[in-house]
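A short reminder: the numbers here are calculations on the coordinates, not readings from a lab. In this text the structure is predicted, and so the values were computed from the model without any measurement. Because the Cβ atoms are built from the backbone with ideal geometry, glycine has one as well, and the counts that use them run over all protein chains shown.
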Amino acid sequence: MSHDHGHHTHPRPQDGNHPHGHPHGHSGGRLARLRHRVRHLLVPHSHASADKLDAALESSARGMRALWVSLAVLGFTAIAQAVIVVFSGSVALLGDTVHNASDALTAVPLGIAFVLGRRAATRRFTYGYGRAEDLAGIVIVATIAASAVFSAWIAIDRLVDPREMRHLWVVAAAAVVGFVGNEWVARYRIRIGRQIGSAALVADGLHARTDGYTSLAVLLSAGGAALGWQLADPVVGLLITAAILLVLRDAAREVFRRVMDAVDPALVDTAETALRQVPGVREIGGLRLRWIGHRLRAEADIVVDGHLNVRAGHRIAVEAEHALLHAIPKLSAAVIHTDVEPDDVERDPHHLLAHHTAA
């Protein structure tokens, strides 16, 4: 039997329906329930659908706040640097300014994704719109790649046609401002992104961190120009391009894993441990986790005593889902499928599905 308890709660059966024959015995089951009730008193919570919706909305709201704050900081930084680019003619600072501007603009697709993620599931989009964050992550990766191409093109052009850099001290000051602004935004985005489980926001934070390092590289450009090395500016511009490519690799890997439903193996270990501690669960037949936006969903196959009645089996499934919700904070729903232990007399109940199994 399969159960998806992600959107409703169920009445608890009486003790007379408690599954029998599990490895811990009746005293172990009572002890486990007592520990669980004490934990409830110490850490009150709810699994009702309204509370899960509130948690999802709150995480999206935190993501939106992170976007607006970082957009304001990076926007101010980019405008200040753009003014200095006009007066100094620094190609390295121009590349840094472009990175800051593009990083600020990535807030647009990510903000759209957060807004879409709040929409309720429909009969067409039965899992909701959380995948919009993955699409935003792809846009962010493409933006990082485009900024790398632009920076390389400008730097190569300046190598072919060298020009003098002016107002070196102002350029150096702009570089420091760019580093401070980007590093603050990077730390903020990465911290919020990891807290709410948004890979796209983490990738955006990595983008900002790269821009911070490229801002520091502009200092080298100004220093080289002050020493009379005219090619310092385009050479640093190429170094900036290389740094962007390194962060592009990390951001692309993060987004690719999310699109391909990759999860941290430690989460799987945590979920398996939680299921094995549920009284009545004899074995775990299968376990799958996937991200939808910045929330997790789980599917688990558990093996129970084949002589249990339907109510007892259902009770174990509910307790298994409950254990997962406790063990994995970002879990929004779980589908629990109960299988029975093999019986020498009864035919395998899955034989009807055998011809549907892929070779």
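Provide Asp211, Asp305, Asp269 in ascending order of the number of other Cβ atoms located within 10 Å of each residue's Cβ, fewest first.
Asp269, Asp305, Asp211
For a test of the definition: using alpha carbon positions, the gyration tensor, and the 1.5 limit on a/c, classify segment 125-225 as rounded, prolate or oblate.
Judged from the Cα gyration tensor, segment 125-225 comes out oblate (a/c at least 1.5, b/c at or above a/b).
Based only on other Cβ atoms within 10 Å, what is the fewest-to-most ordering of Arg209, Arg257?
If I rank by nearby Cβ atoms, fewest first, I get Arg257, Arg209.
Could you tell me which residue out of Leu267, Ile316, Ile240 lies farthest along the dipole of segment 237-359 toward its positive end? Charges go on the beta carbon: Lys and Arg +1, Asp and Glu -1, centred on the Cα centre.
Final value for the positive-end residue is Ile240.
How big is the antiparallel share of DSSP beta bridges in segment 221-357, given as a percent to the nearest 5?
Details: 9 of 18 bridges.
Taking every DSSP beta bridge with both residues in segment 221-357, the antiparallel ones total about 50 percent.
Ordered by packing density, taken as the mean number of other Cβ atoms within 10 Å over each peptide's residues, highest first, how do 289-296, 125-132 rank?
Averaged packing, sorted descending, gives the order 289-296, 125-132.
Taking Cα pairs under 8 Å and at least six residues apart, what relative contact order does segment 49-259 come out at, in percent?
27 percent
If you rank His355, His350, His314 by fewest surrounding Cβ atoms within 10 Å, what's the result?
Least crowded to most crowded, the residues run His355, His350, His314.
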